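As structure tokens, the structure follows; a few thoughts come after it.
The values are calculated or read from the model by the stated rules, or taken from the named source; none is laboratory data. Predicted, not measured: the structure shown is a model, and the values here were computed from it. For neighbour counting, all protein chains shown are included, and Cβ atoms are generated from backbone atoms with ideal geometry for every residue, glycine included.
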Amino acid sequence: MAAVLPREINPASIGQLAGHGKISAAGFLGVLVQLALLTLVFRQFQIENAGFLRLWLLTVAGFAIHAFLPLRYRLPFFLGLSLAGILLVLGVFHGVTLIVLGLLLIAICHLPLSFAARVALLLFVVAVLAAQRAQWLPAPWSEAIWPILGSMFMFRLIVYLYDLRHDTAPVSPTRALSYFFMLPNVCFPLFPVVDYKTFRRNYFDDDAYRIYQVGIDWMVRGIVHLILYRIVYYYFSLSPAEVHGPGDLAQYLVSNFLLYLRVSGTFHLIVGMLYLFGFRLPETHHRYLLASSFTDFWRRINIYWKDFMLKVFYYPAYFRLRRFGNTTALVLATLFVFLMTWLLHAYQWFWLRGTLLFVWQDILFWTVLGVLVVVNSLWEAKRGRQRALGKAPSWRGFSTLTLKIAGMFCFICVLWSFWTSESIFEWFSLWKVVGENFANDVGIVPVILAAVLVGGLSGGRAAAGGEPKPGKRKPARLRGLAITVASLLILLVLGIESVYTHFGPTVASVIQPLRSGRLSRLDTAALERGYYENLLQVNRFNSQLWEVYSKRPANWLDIEGGGLKRHVDGFVQVELIPAFVSSTNYGIISTNRWGMRDQDYELQRPADTYRVALLGPSNVMGWGVGDGETFEALLESRLNRESNGTPFAKYEILNFGVPGYQPPQQLAALDKALAFDPTAVFYVATGRESSRAARYLVEVVKKRIEIPYPALQAVVAKAVLDPGMDEATALRRIAPFHAEILTAVYQGIAEQCRSRGIVPVWIFLPQVRQGRWQEETPEMLRIAQAAGFVMVDLGDIYKGVDVASIRLAEWDHHPNQRGHELIAARLYHEFHAKRDVLLPSSKTAR
Amino acid sequence: MSDDINQAVKAFILSEFLPGEDPDELKDDTPLITGGVLDSIATLKLVLFIEERYGVTFEAHEVDPEHMDTTADIVRLVCAKRLRDPA
């Protein structure tokens with residue numbers, strides 16, 4: 001059967017229906033005032049990034065013109081603004097490249113060929129682009145454009161082709177280009193799957209002022225979601241290793257699910273921006289925390305995705321399968337939707353990150369949710385679902401709804417925790433701990449149940465009274481406006497430093513971090529680990545870390561001709577390859593015959609030479625700077641240049657830094673360094689030493705590697721670690737011994753030095769990052785001091801310096817060339833300030 | 001004819017999905033899909049009802065808000081189908 005003609009939609013008819021998109025001067029002024037307040041809030045709370053603020057200012061300026069243009073010029077203007085936004089955020093070269101690639105893809109959709117031929121050609125071009133994204137083929141443009149190009153086309157091309165195939169509405173190039181290059185997209189790689197028909201159909205189909213006001217309301221709601229997300233992300237999220245009882249588990253489960261607020265907040269922001277240009281799109285999320293069944297959850301969370309799945313997969317599958325019976329068709333079509341959801345999430349991950357995502361948690365999560373939705377659908381198909389247009393729910397219905405909401409919230413939290421866990425074993429270990437400690441924390445259970453019921457009760461009230469009532473008008477105009485303006489003003493005032501500091505240091509220290517989008521302490525630790533290992537935790541869109549990773553080039557600091565390190569037997573596991581030379585994006589990197597990232601030295605210390613053995617991780621080795629640019633090389637060169645003969649004829653600093661080395665590995669590095677007869681050993685600590693040391697011990701135990709240090713062996717024995725244990729359990733067991741581990745390492749180093757007459761020096765070199773990573777620093781300093789090191793605290797070295805100007809990149813917090821210069825200068829100063837303890841009393845002394 | 005379809009569709013929706021609801025609340029322009037009255041299962045139930053009653057056949061791409069968001073849309077779609085493919 002041929003397609004039935006849809007209602008014809010064109011700008012002229014829209015104009016007649018919706019008052020030509022006109023807005024009164026007073027209405028316009030009201031909108032503009034709210035946009036100004038939004039701008040201040042965006043700036044105050046550093047919503048998204050600097051690129052977003054630029055795009056937002058362009059949006060506001062564009063809105064002011066757009067609102068007064070005749071309707072027929074508005075869509076072309078929106079397109080122009082969207083293209084300008086791309087150039088503004090990505091720069092001219094990247095922006096033009098992205099636009100040209102996009103035009104190519106859109107042009108293929110409209111070639112004068114059969115539909116099948118166009119699809120085949122498109123698949124071929126997409127396959128070539130995918131090969132370039134995966135770096136199997138070279139791409140003559142920067143990797144920076146992939147996430148945005150992927151975000152603009154990966155799903156919208158599917159929707160667009162589907163509508164081209166079935167729709168008889170005339171093709172409008174301006175509308176098609178506006179759809180793909182949609183203004184906010186350039187700043188948001190994670191973008192809702194906007195439906196093309198809806199994008200076209202709902203354009204200025206209501207009073208212009210009302211559309212704009214809804215857009216602003218949603219943006220305010222988006223900001224609130226994002227700030228709530230930050231509260232959860234900074235203050236409530238836990239790692240599995242930090243879960244010790246039912247209370248911790250409840251916090252872990254709930255906070256894990258609530259991290260999704262970032263996605264819902266961002267989507268509200270995006271759609272709100274589109275409203276400013278007349279696109280009256282549906283809600284992207286509808287009170288998803290208040291879902292009362294599995295199907296209800298699926299309908300409320302990421303509504304655009306659900307609609308995309310229904311349109312492109314569910315209905316076509318159902319209509320093809322219904323010859324086998326309606327129930328069979330319903331079951332198979334629903335399962336097909338969940339299969340495609342899983343596959344398309346992996347596909348989305350590929351375009352945003354450039355890697356494939358196939359993990360068991362993903363497969364099981366979508367399978368379980370799919371099966372539950374099928375069962376729920378069959379139940380609803382048989383028994384029906386309660387709906388209402390205007391009638392109030394009965395007391396019994398309300399009570400049932402409350403219990404359902406509370407139960408569903410708990411269940412989704414559990415399911416979500418499984419999805420986001422690093423491994424299935426880790427997830428099971430959470431429940432084991434609760435079982436073990438249940439008796440101790442049993443008092444928390446009634447509290448948790450009460451909290452869930454109260455949440456469900458208020459949710460039940462909101463859901464019962466707040467379901468969309470078709471045909472009902474929105475709340476009174478003035479009331480809605482007052483709520484929005486009041487919310488903006490409260491946010492604005494709360495974000496003023498002199499206001500929140502007025503409430504004391506506790507309140508100030510809570511609010512201050514909420515004003516910027518930094519990585520949480522857990523993600524900061526994950527980022528550190530991510531320099532050296534492939535992080536599984538970054539495979540979900542909830543935390544901010546994936547976004548940082550999406551910008552990181554796949555070959556970031558790759559070293560030509562294989563790695564810089566090689567695997568060796570024994571406790572240390574890896575070392576730098578001797579006599580290695582390679583080039584990186586940041587210059588030549590080479591090692592000497594001893595496997596040090598340094599110039600060549602003799603094994604025997606030359607006479608009248610002050611020799612330092614420098615131990616540390618990648619910051620010391622000089623990750624991200626060329627040979628001769630490390631702070632070690634700069635300091636050595638300056639000492640020889642400016643301190644020559646006072647009192648030593650020569651200074652040598654031997655760089656034993658190895659990327660990824662954890663504190664216990666420095667014991668092995670020290671063994672190697674002692675063979676070079678140093679005068680002093682400089683141990684560089686960069687933060688979070690005790691937890692990293694503990695994690696390393698867990699790693700070697702799991703790998704059954706022998707620990708050659710008795711003090712560390714004793715800790716492992718006390719913590720009762722065994723190789724079969726999952727990582728979270730092992731980390732939990734070893735947590736009480738963090739200080740003991742670090743003490744063993746530091747005392748081991750200091751005592752070996754002192755017994756040989758070597759000066760042990762402990763240097764604290766802060767990481768080049770903001771956010772929470774210093775929580776272990778005071779204890780670390782105390783342990784180092786107690787071990788008898790000469791202390792050099794560089795804690796304030798980056799004070800007053802823009803962190804972005806001295807680190808390698810947003811995704812790599814190692815110091816860059818300028819950072820190394822700063823460190824070298826400060827160490828030179830410290831060296832002279834502490835010369836009495838650092839330099840032996842006579843040249844002949846050791 | 002269109003009045004008959006409209007009444008039948010409304011009666012079906014009220015009895016199947018909105019039991020106990022005041023019939024006056026369901027108007028010709030009440031949004032059904034975008035308003036949350038018709039979810040995917042309910043929409044398919046309605047499609048089956050219309051197909052059986054009026055001898056028309058729906059296609060997958062027609063099951064969307066553009067064609068089925070209000071009873072007025074549904075009537076328009078069914079009439080167009082009956083005009084094109086008279087039973």
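On inspection, residue B:66 passes the criterion of being farther than 18 Å from residue A:320 by Cα and at the interface with chain A (Cβ under 9 Å from one of its Cβ atoms). Scanning segment B:46-55 for residues that are within 10 Å of another protein chain (Cβ to nearest Cβ) and buried (at least 19 other Cβ atoms within 10 Å of the Cβ) yields a single hit, B:47.
Considered as a group, the residues in segment A:124-141 that are part of a helix (DSSP H, G or I) and in contact (Cβ under 8 Å) with a residue 60 or more places away in the chain include one that is nearest to the chain's Cα centre (by Cα), and that residue is A:133. Mind listing just one residue for me: the one in segment B:29-45 that is assigned to a loop (DSSP other than H, G, I, E, B) and of a type in the set (Gly, Ala, Ser) and, of those, farthest from the other protein chains (Cβ to nearest Cβ)? Ranking the qualifying residues of segment B:29-45, first place goes to B:36.
Would you confirm whether or not segment B:6-28 contains a residue that is at the interface with chain A (Cβ under 10 Å from one of its Cβ atoms), outside any helix (DSSP H, G or I) and among the β-branched types (Val, Ile, Thr)? No, segment B:6-28 contains no residue that is at the interface with chain A (Cβ under 10 Å from one of its Cβ atoms), outside any helix (DSSP H, G or I) and among the β-branched types (Val, Ile, Thr). Close contacts from segment A:306-325, counting a first residue that is in contact (Cβ under 8 Å) with a residue 60 or more places away in the chain and a second that is of a type outside the set (A, V, I, L, M, F, W, C) and not in a helix (DSSP H, G or I), with Cβ to Cβ under 8 Å and a gap of 6+ residues or different chains, come to A:307/A:195; A:307/A:282; A:308/A:195; A:311/A:195; A:311/B:64. With respect to the conditions (1) touching a Pro at 6+ places or on another chain (Cβ under 8 Å); (2) among the hydrophobic types (A, V, I, L, M, F, W, C); (3) modelled with pLDDT under 95, residue A:758 falls short on a single one, namely (3).
Somewhere in segment A:222-236, is a residue under 30 Å from residue A:176 (Cβ atoms), of a type outside the set (D, E, K, R) and outside any helix (DSSP H, G or I)?
no
Sort out which residues of segment A:142-193 are of a type in the set (Ser, Thr, Tyr), in contact with a helix residue (DSSP H, G or I) (Cβ under 7 Å, 6 or more places away or on another chain) and assigned to a loop (DSSP other than H, G, I, E, B), and write them in order of number.
A:142
Just one residue in the set A:290, A:335, A:310 is at pLDDT below 95 and either of a type in the set (Phe, Trp, Tyr) or under 25 Å from residue A:405 (Cα atoms) (or both); that residue is A:290. Does residue A:259 count as under 30 Å from residue A:775 (Cα atoms) and without any contact (Cβ under 8 Å) to a residue 40 or more places away in the chain? No.
Scan segment A:370-383 and give yes if some residue there is more than 24 Å from residue B:44 (Cα to Cα), of a type outside the set (Phe, Trp, Tyr) and more than 14 Å from every other protein chain (Cβ to nearest Cβ), otherwise no. No; the residues of segment A:370-383 include none that is more than 24 Å from residue B:44 (Cα to Cα), of a type outside the set (Phe, Trp, Tyr) and more than 14 Å from every other protein chain (Cβ to nearest Cβ). Do we find that residue B:80 is within 11 Å of another protein chain (Cβ to nearest Cβ) and either out of contact with any Phe, Trp or Tyr (no Cβ under 8 Å at 6 or more places or on another chain) or part of a loop (DSSP other than H, G, I, E, B) (or both) in this structure? When the stated conditions are applied, residue B:80 passes them. Examine segment A:276-288 for a residue that is of a type in the set (S, T, N, Q), surrounded by fewer than 20 Cβ atoms within 10 Å (Cβ to Cβ) and on the phi < 0 side of the Ramachandran plot, and state whether such a residue exists. Among the residues of segment A:276-288, not one is of a type in the set (S, T, N, Q), surrounded by fewer than 20 Cβ atoms within 10 Å (Cβ to Cβ) and on the phi < 0 side of the Ramachandran plot, which makes the answer no. Anything in segment A:630-666 that is over 20 Å from residue A:818 (Cβ atoms) and among the polar types (S, T, N, Q)? List them, or say none. Selection gives A:640, A:643, A:644, A:646, A:662, A:665, A:666. Among the residues of segment A:58-72, those identified as in a helix (DSSP H, G or I) and modelled with pLDDT under 95 are A:71, A:72. Any chance segment A:417-431 includes a residue that's within 30 Å of residue B:46 (Cα to Cα) and modelled with pLDDT of 80 or more? Scanning segment A:417-431 turns up no residue that is within 30 Å of residue B:46 (Cα to Cα) and modelled with pLDDT of 80 or more. When residue A:338 is tested against the conditions (1) within 14 Å of chain B (Cβ to nearest Cβ); (2) surrounded by fewer than 19 Cβ atoms within 10 Å (Cβ to Cβ); (3) not basic (Lys, Arg), the lone failure is (2).
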